[in-house]
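Throughout, read-outs are computed from the coordinates displayed, never taken from laboratory work. No experiment lies behind these values; they were computed from the predicted model shown. All Cβ positions, glycine included, derive from the backbone under ideal geometry; neighbour counts span all protein chains shown.
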Amino acid sequence: ERQRSGVTLVEILIVTVVITLMAAVSFPVYKIIQQREKEKRLKKILNEVRSAIGCRKSALSNRDFVDGYRTFVRNYGLTHINDQASRTYFLRAINRDGYGYPGTIGSLTSPTMFSFEAPIGDGASITIVINRKFMRPRNTADGLPPHPFQSWNPNVAWIKVLKNGHIIDIKSEGAGMALDGSLTDDW
């Protein structure tokens, strides 16, 4: 009797089918995990930029936990204005005219000092001096991190929501439907 060595063609086919089935089952799971990570990254970037712009407050507290651009401008103005009428005018002006919001993303990341004039009533104004960064600078043209969905969809973009030429919010556009069924454009 002759001894056989090696594997038969049937054994090779069975192993190939098993490996193919394992790959077919694991690929959708991998894509879901990948999309979940991109969604987390998108939410993190949106929260970081929004906190740098306006400073989010806890729903359970009156305290500002992060000193964002808007809070910095408000607090700076209020500490340098003495009379109540001018303070009230200043607070209304920064809300109405957008003085409390940055003009560019670069003004959130710039380490250099700059200033601007904000009205306090009766033709008077106060010079607001910004001398700090509100978020980490990025090596991109607009100062924002690359969009997490850029590799999947080249048409995604960051949209700056403006009020009187000042950035009041940032949104993602074109990333599509999230795993939870919501539109990422609405985040």
Given Cα pairs under 8 Å that are at least 6 residues apart, what percent is the relative contact order of region 69-130?
36 percent
Select one label from [x] 20.4; [y] 16.8; [z] 17.8: the one whose number is Kirkwood radius over Cα pairs in Å as derived from the coordinates shown.
[x]
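How would K133, K160 line up from fewest to most surrounding beta-carbon atoms within 10 angstrom? Numbers along the way, then the final one.
Values: K133 14, K160 18.
Starting with the residue having the fewest Cβ neighbours, the order is K133, K160.
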Could you tell me the relative contact order of the chain? Use alpha-carbon pairs under 8 Å, at least six residues apart, and round to a whole percent.
18 percent
By a straight-distance test (C-alpha under 19 Å), which aspartates and glutamates pair with K40 as possible cross-link partners, with residues fewer than eight away in the same chain excluded?
E48, D169, E173, D180, D185, D186
Taking the 0 to 90 degree range and rounding to the nearest ten, how far is the long axis of helix 9-54 tilted relative to the main principal axis of the chain, both from C-alpha atoms?
0 degrees
Among L21, L42, rank each residue by its count of other Cβ atoms within 10 Å, from fewest to most, as a rough exposure measure.
L21, L42
Round to the nearest 10 and give me the degree value, 0 to 90, for the angle of helix 84-96's Cα axis relative to the longest principal axis of the chain.
40 degrees
Taking the chain as the reference, fit the longest principal axis to its C-alpha atoms, fit the long axis of helix 69-80 to the helix C-alpha atoms, and give the angle between the two in degrees, 0 to 90, nearest 10.
20 degrees
Using modelled amide H (1.01 Å from N, peptide plane; none on Pro or chain starts), what sits under 5 Å from the amide H of K163, excluding residues fewer than 5 places away?
I168
